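Below you'll find the structure, written out as structure tokens, and then a few comments.
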Amino acid sequence: LLVSLRRRGLVESDERGRYRPGIVLVALGLGVLEREPLVLAARPVLEASAAELNETFFAVAARAGALTVLDKAEGTGFLRAAPQVGQTIPVARTAVGQLYMALAPAALRVGGEVAHPALRKRNAELPALDERELSLVRRRGYAENVAGWIEGLAVYAGPVFFHSRLVGAVAVALPAAHLARVDRKKLAQHVVRAAATVSARMAGRAGP
């Protein structure tokens, strides 16, 4: 079966006979993401924000109980090693995870428990969020994470809503060292505005 799939480009194998997804399969997956309503609404917003602030912006949403990076617009340098499109991220101690735990925790659960065994393990390795932190996220309307998940990485995330339901987040990721030369409040406000613009686009209330 694998040989047949390899002939069609759906899988690839290395010199040791190990298999991995092929470029055709990857292209099919990216094609699905291209049709994601959140991606369609967010892409021009991510690109404009990345160009304006010269930092990397992401669209992230819960899919099958896991937080998944759906799209990104690159900044420069350091963050080219940040999460890639299609990658899942842990809930605990991530800015998007805080948003979901504060505003839509049910989206992270399947059958009453956190989905994806691998993610349960990753989440268990990090300190849990407490109600005080979640209340702060609700009051602010955004979440921040400075070196809580990845050393040297700072992330701010704003919620994307569709008919008052949280459907995703816009996040900016930057080296924590950059925070010394930026206004954190203005950075957070930019992310919140970008997320609100995506919400409006999804509801048909904003232009391209």
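The values are calculated or read from the model by the stated rules, or taken from the named source; none is laboratory data. Everything numeric here is computed off the predicted structure, so don't read it as measured data. When we count neighbours, we look across all protein chains shown, and the Cβ atoms used for this are built from the backbone with ideal geometry, even at glycine. SASA here: full protein model, heavy atoms, side chains in, ligands and nucleic acids out. Shrake-Rupley method; radii C 1.70, N 1.55, O 1.52, S 1.80 Å.
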Item to check | Residue-count net charge about Val45 - beta-carbon cut-off 15 Å; Lys, Arg +1, Asp, Glu -1 | outcome: -1
Checklist entry - Which value, in Å² and to the nearest 10, is the accessible area of His163 when all protein chains are kept and the probe is 1.4 Å? => result 150
Next on the checklist: Starting from 0.36 nm per residue, how many nanometres of slack lie between Glu47 and Ala176 once their C-alpha separation is accounted for?
Outcome noted: 44.3 nm
